[in-house]
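The values are calculated or read from the model by the stated rules, or taken from the named source; none is laboratory data. Because the structure is predicted, anything quoted here is derived from the model rather than measured. Virtual Cβ from ideal backbone geometry, glycine too; neighbours counted across all protein chains shown.
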Amino acid sequence: MATGDLALGQVEGAISVCERVTNDFSINVATVNGSGSQSANSVLLKSIFGMGVPVSGKNLFPSNIAGLPTWYTIRASKDGYVARKRESEVLVALNPETAKQDVLDLPAGGVAIYEEKLNLNQYRDDVVFYPVPFDAITAAVCPEAKLSKLVRNMVYVGVVAQLLSIDLSVVENGLRKQFAKKVKVFELNYGAVKAGFDYATEKLTKHDPYVIERMNQTAGKIIIDGNAAAGMGALFAGVTVVAWYPITPSTSVVEATTDLLKKFRVTPEGKATFAVIQAEDELAAIGMVLGAGWAGARSMTATSGPGISLMAEFSGLGYYAEIPGVIFDVQRTGPSTGMPTRTSQADLLSVAFLSHGDTKHIVLLPGSVKECYELGYKAFDLAERLQTPIFVLSDLDLGMNNWMSEPFEYPTTPLDRGKVLTKEDLDRLGGFARYRDVDGDAIGWRTLPGTDHPKAAYFTRGSGHNDAEGYTEKPDEYVEVMERLSRKFENARKLVPGPVTVKDGTSKIGILAYGSTDFALQESLDQVKKEYGTSVDYMRIRAYPFAHEIHDFVASHERVYVVEQDRDAQLASLLKLDLPADQVVKLRSILHYNGLPLDARTITEEFATREGL
Amino acid sequence: MATATPTPKVNHIGLPVLDYRGGKTTLCAGCGHNAISERIIDAMFEMGVQPERVMKMSGIGCSSKSPAYFMSRAHSFNSVHGRMPSVSTGAILANHTMKMLGVSGDGDTASIGMGQFVHLLRRNLPMIYIIEDNGVYGLTKGQFSATADIGSKLKTGVINDLPAIDTCALAIQLGATFVGRSFSGDKRQLLSMLKAAIAHKGTVMLDVISPCVTFNDHEGSTKSYKFMQENDEPINEIGFVASFDEIDVDYGSGEVYEVEMHDGSNLRLRKLHEDYDPTDKANAVRTLMESQLNDEILTGVFYIDTQKPTFIDHLNIVDEPLGTLPESVTRPPKSALDALMTSLQ
């Protein structure tokens, strides 16, 4: 019997399909990296999205080119939860090496779609098995051996689509979009999808409860990863100089930026209004960023932990000599090389104080792909307004995974190029002192090289200087500049993006978090409410230095949990440095740092234990 | 009636040499670096470079302080140790209409800065890169640097047992397009070399032996005034005729290598070594390697290539400085964002 029309309530073998699980489960696709599974995974993700069902995708991949295990999980959630879920109910087992363990990891009642030669059905009797002769199906639609490895993955998309009741037409649309202009590639791949779909229709009998049903929850929404979103932020910030050194997981920030610049920033004469330089290392990348920022460009780099360490010395120069620049740090686990393809939030403290000798930095903390874009372009305004390097802290989960989002909005304010004196200003003023606080905002005026005035030039140095940029070793002159820098940092509290109060109740308990923690935390708050009847207030921090509202939030709660993805409670530590002593005792930490994206259940369990719920 | 004060001599853009001066030097009296600063002033003045059109770059060390001692009307960036190349790269990308002159030292270049130095050369970044080369670390009181010759002796009697890095041979091999060596004590040669450097379009790498009077000017040093006066062996004599000069010097044919510079100036290299061709890269490197084996200190213009595209040429950027492009050029319109959003739905 064909499966698509399986009636509800019908019992197949040992497992009942009485209770359908609709639009609320995860699919785990286990493959080998380098097998081209990314396209297939992406098509499946976008097909569920095309069915109007909220969806998110996560790539758990090795630091390797080809041959090691990779898992891609796709979560469909009618309630719109997009964080990782601990368990995946539906397994597509395409990697013989991990197949046995993958099956053993399935929850009872789960589903395993697998290459039939692997005989996985011997390992469990509480799982629904769908054996599929992937190799045979692939060989039939793709005689060319070279391509079969890639096409094989599309066969699974067809099988899964059929078993989960995803419309074939939706898959077709997704595939067409994926291979936009490559008609032959589309045809080959669609042939494979269709073959998988047809095989499932003819040979498999549905006896599991998981189905995708059409909804209307994704209309008007987009799917994008945080790094591509950050690239768009840079584009609409009008970035002109990009200097970088490749490092996972930040590489795609610059790749996306470069693609966009090539598309939108080439004059009709074919000339570029930008420069992208692959530097020799991160030391050079940040040096170029500061050189460019000094000479008037909107400049940026993107890096991750090891690159941040290398950028330390120059970051101090940027802070002390007051040079704009934007540094995207897409965090991965440390210490040292750590796990390069696993996510983390453990760079916060080192970035906030990057470099020796009383250095501190402004750090923006995007909590969604939309904020990767928005804080991305705002970072350039802040860098030039405050004349200092601005760090944008994303992470691998936010940066490299696909997220659903509201479409991005066009900036509503013009570029803020900061306090720059022109030739005309100098004619009028007769001169200037580079580091003098003439406006009471702790920000001096600067000039750009090339300003055609004999008094325009000044001497930029990382050595001790007075307010007129002269070299100094005089205690009072040194202190004067350092004090002003401190005031500038203090003023930045009001200029950086303020926190977002996500749940504003009357609870005595508050939660503080930032970045990608938000996805799991929002779901966890619902779990806590539903399962324990407890309401919790939540404030999401979006920048360091901390806005005053964050102090108020802590002051207005009896205890405040700080949820973050690192071992050493770095956000809590930074808060402790900032809060009055009597408030510090209110803070307690919920920490997650095993490299996997945070899931709601982990927070809920820890919170319930700590609260004695 | 009082006699009229004589009008100060001005250059062809109407500026007196005073407008090319800098702050008072704080380096030791007799330091070779001060002489180099003087020659930079002379060269910029004689070439009629507008001071506001120059960016002065440096790293860290005695040498890197010197941009404070010439051309106060030019923007200056004293960066971090060994990292002048990257800061310079960024700065010239932000405004490629500027002339850039960087001053580094042998420690700042050949030790801590080697990583960035070689990549600057490779890119043929349009800038003049001067190494004020004294073979020692001055600010930390006289340790050997990586350009100190093997067998040379510190004041304390310590002998250097490692070979020197020849920054000129390296620069030629890696892609600099104007490479020379001079001596701070040879006013004439250094001035001509600097003027030609200003007329050049790609990376100019000049290694200028600049004795450290405090830590490396004694018997046994190969970077002392005395040693240089006795061992300086020019490979060619540099004649430079700026594009705006009318006076011409006539050389006999066959003994002069003539190079037409980017700005229309003429560089005339009178051969002192038989048949030395400064456009032959392999021969230039071989000559330098041989001179090192023979304990000779060759000076002069070793290599020049006026045709090779610079890094800016490769990037194909607009004529205007990137840094000051208006928002209408740098921020795409709303329709661009809308199109992107549609493609992601």
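Quickly run through the stretch A:557-587 and pick out the residues that are within 23 Å of A:Gln331 (Cα to Cα), in contact with a helix residue (DSSP H, G or I) (Cβ under 6 Å, 6 or more places away or on another chain) and assigned to a strand (DSSP E or B).
Of everything in the stretch A:557-587, those that are within 23 Å of A:Gln331 (Cα to Cα), in contact with a helix residue (DSSP H, G or I) (Cβ under 6 Å, 6 or more places away or on another chain) and assigned to a strand (DSSP E or B) turn out to be A:Val562, A:Val563, A:Glu564.
Please work out which residue is surrounded by the most Cβ atoms within 10 Å (Cβ to Cβ), limiting yourself to the stretch A:524-572 and to residues that are among the polar types (S, T, N, Q) and more than 22 Å from A:Gly612 (Cβ to Cβ).
A:Gln565
Against the definition (loosely packed, with under 15 Cβ neighbours inside 10 Å and either charged (D, E, K, R) or under 21 Å from B:Met127 (Cα atoms) (or both)), how does B:Asp305 come out, yes or no?
no
Which numbered condition trips up B:Ile297, out of (1) buried (at least 17 other Cβ atoms within 10 Å of the Cβ); (2) within 24 Å of B:Asn95 (Cα to Cα)?
(2)
Taking the options A:Gly470, A:Gly505, A:Gly464, A:Gly498, name whichever one is over 39 Å from the mean Cα position of the chain (by Cα), free of Cβ contacts under 8 Å to residues at least 60 places away in the same chain and farther than 30 Å from B:Glu320 by Cβ.
A:Gly470
Would you list the helices (runs of 4 or more DSSP H) that sit entirely within the stretch A:173-287 and hold 1 or more residues that are within 14 Å of chain B (Cβ to nearest Cβ) and buried (at least 24 other Cβ atoms within 10 Å of the Cβ)?
Filter on the stretch A:173-287 gives A:226-236, A:251-264.
Just for the stretch B:313-345: of the residues that are modelled with pLDDT under 95 and surrounded by 13 or more Cβ atoms within 10 Å (Cβ to Cβ), which one is nearest to the other protein chains (Cβ to nearest Cβ)?
Taking the candidates together, the pick is B:Leu344.
Kindly indicate which of A:Glu477, A:Glu523 is over 21 Å from A:Pro366 (Cα atoms), in a helix (DSSP H, G or I) and either in contact with a helix residue (DSSP H, G or I) (Cβ under 8 Å, 6 or more places away or on another chain) or not hydroxyl-bearing (Ser, Thr, Tyr) (or both).
Step by step, each of A:Glu477, A:Glu523 is checked, and only A:Glu477 is over 21 Å from A:Pro366 (Cα atoms), in a helix (DSSP H, G or I) and either in contact with a helix residue (DSSP H, G or I) (Cβ under 8 Å, 6 or more places away or on another chain) or not hydroxyl-bearing (Ser, Thr, Tyr) (or both).
Are any of the residues in the stretch B:108-118 more than 14 Å from chain A (Cβ to nearest Cβ), more than 17 Å from the chain's Cα centre (by Cα) and under 19 Å from B:Ser221 (Cβ atoms)?
Yes: one or more hits.
Checking the conditions here, which among A:Leu348, A:Leu317, A:Leu310 is outside the structural domain of A:Leu574 (by TED's automatic domain parsing) and under 30 Å from A:Tyr72 (Cβ atoms)?
A:Leu348
Where the second residue is among the aromatic types (Phe, Trp, Tyr) and assigned to a helix (DSSP H, G or I) and the first is more than 7 Å from chain A (Cβ to nearest Cβ) and lies in the stretch B:72-95, which pairs have Cβ atoms under 7 Å and are six or more apart or on separate chains?
These pairs meet every condition: B:Pro85/B:Phe117.
Does A:Ser350 fit the bill of being within 12 Å of A:Asp329 (Cβ to Cβ) and buried (at least 24 other Cβ atoms within 10 Å of the Cβ)?
So A:Ser350 does not fit the description; no.
Kindly indicate whether A:Asp467 is outside the structural domain of A:Pro389 (by TED's automatic domain parsing), touching a helix residue (DSSP H, G or I) at 6+ places or on another chain (Cβ under 7 Å) and not hydroxyl-bearing (Ser, Thr, Tyr).
Working: outside the structural domain of A:Pro389 (by TED's automatic domain parsing): yes; touching a helix residue (DSSP H, G or I) at 6+ places or on another chain (Cβ under 7 Å): yes; not hydroxyl-bearing (Ser, Thr, Tyr): yes.
Spelling it out, A:Asp467 is indeed outside the structural domain of A:Pro389 (by TED's automatic domain parsing), touching a helix residue (DSSP H, G or I) at 6+ places or on another chain (Cβ under 7 Å) and not hydroxyl-bearing (Ser, Thr, Tyr).
Would you mention how many residues in the stretch B:183-198 are surrounded by fewer than 22 Cβ atoms within 10 Å (Cβ to Cβ) and in contact (Cβ under 8 Å) with a residue 40 or more places away in the chain?
4
From the list B:Val301, B:Val256, B:Val318, exactly one residue is more than 17 Å from B:Gln189 (Cβ to Cβ) and hydrophobic (A, V, I, L, M, F, W, C). Which is it?
Sole residue among the options that is more than 17 Å from B:Gln189 (Cβ to Cβ) and hydrophobic (A, V, I, L, M, F, W, C): B:Val318.
Could you grab me the full set of residues in the stretch B:306-345 that are of a type in the set (Val, Ile, Thr) and either assigned to a loop (DSSP other than H, G, I, E, B) or in contact with a helix residue (DSSP H, G or I) (Cβ under 6 Å, 6 or more places away or on another chain) (or both)?
Scanning the stretch B:306-345 gives B:Thr306, B:Thr310, B:Val318.
Which of the residues that make up the stretch A:442-495 are within 14 Å of chain B (Cβ to nearest Cβ) and on the phi > 0 side of the Ramachandran plot?
Selection gives A:Gly450, A:Glu469.
Going by the structure shown, is A:Val554 in a strand (DSSP E or B), within 28 Å of A:Lys488 (Cα to Cα) and touching a residue at least 24 places away in the same chain (Cβ under 8 Å)? Spell out the reasoning first.
Working: in a strand (DSSP E or B): no; within 28 Å of A:Lys488 (Cα to Cα): yes; touching a residue at least 24 places away in the same chain (Cβ under 8 Å): yes.
No; evaluated as a whole, the condition is false for this residue.
Does at least one position in the stretch A:75-88 carry a residue that is surrounded by 17 or more Cβ atoms within 10 Å (Cβ to Cβ), over 30 Å from A:Glu406 (Cβ atoms) and at pLDDT 95 or above?
No: zero hits.
Checking A:Leu396 against (1) touching a helix residue (DSSP H, G or I) at 6+ places or on another chain (Cβ under 8 Å); (2) more than 10 Å from chain B (Cβ to nearest Cβ); (3) farther than 30 Å from A:Pro449 by Cβ, which test does it fail?
Among (1) touching a helix residue (DSSP H, G or I) at 6+ places or on another chain (Cβ under 8 Å); (2) more than 10 Å from chain B (Cβ to nearest Cβ); (3) farther than 30 Å from A:Pro449 by Cβ, the lone unmet condition for A:Leu396 is (1).
So if I check each of B:Leu125, B:Leu154, B:Leu139, which one is buried (at least 18 other Cβ atoms within 10 Å of the Cβ) and within 14 Å of chain A (Cβ to nearest Cβ)?
B:Leu125
With respect to A:Lys117, determine if the residue is surrounded by fewer than 21 Cβ atoms within 10 Å (Cβ to Cβ), touching a Leu at 6+ places or on another chain (Cβ under 9 Å) and assigned to a helix (DSSP H, G or I).
Against the criterion (surrounded by fewer than 21 Cβ atoms within 10 Å (Cβ to Cβ), touching a Leu at 6+ places or on another chain (Cβ under 9 Å) and assigned to a helix (DSSP H, G or I)), A:Lys117 does not qualify.
With (1) surrounded by fewer than 24 Cβ atoms within 10 Å (Cβ to Cβ); (2) closer than 29 Å to A:Tyr458 by Cα; (3) touching a strand residue (DSSP E or B) at 6+ places or on another chain (Cβ under 9 Å); (4) within 9 Å of chain B (Cβ to nearest Cβ) as the list, and A:Gly316 as the residue in question, which single condition is left unmet?
Among (1) surrounded by fewer than 24 Cβ atoms within 10 Å (Cβ to Cβ); (2) closer than 29 Å to A:Tyr458 by Cα; (3) touching a strand residue (DSSP E or B) at 6+ places or on another chain (Cβ under 9 Å); (4) within 9 Å of chain B (Cβ to nearest Cβ), the lone unmet condition for A:Gly316 is (3).
Restricting to the stretch A:307-334, count the residues that are under 19 Å from A:Tyr245 (Cβ atoms) and acidic (Asp, Glu).
2
Being out of contact with any Phe, Trp or Tyr (no Cβ under 7 Å at 6 or more places or on another chain) and not assigned by TED's automatic domain parsing to the domain that holds A:Gln527: is that true of A:Ala66 here?
yes
Would you check which residues across the stretch B:54-71 are facing chain A (nearest Cβ under 7 Å) and surrounded by fewer than 24 Cβ atoms within 10 Å (Cβ to Cβ) and list them?
Listed by number, the list holds a single entry, B:Ala68.
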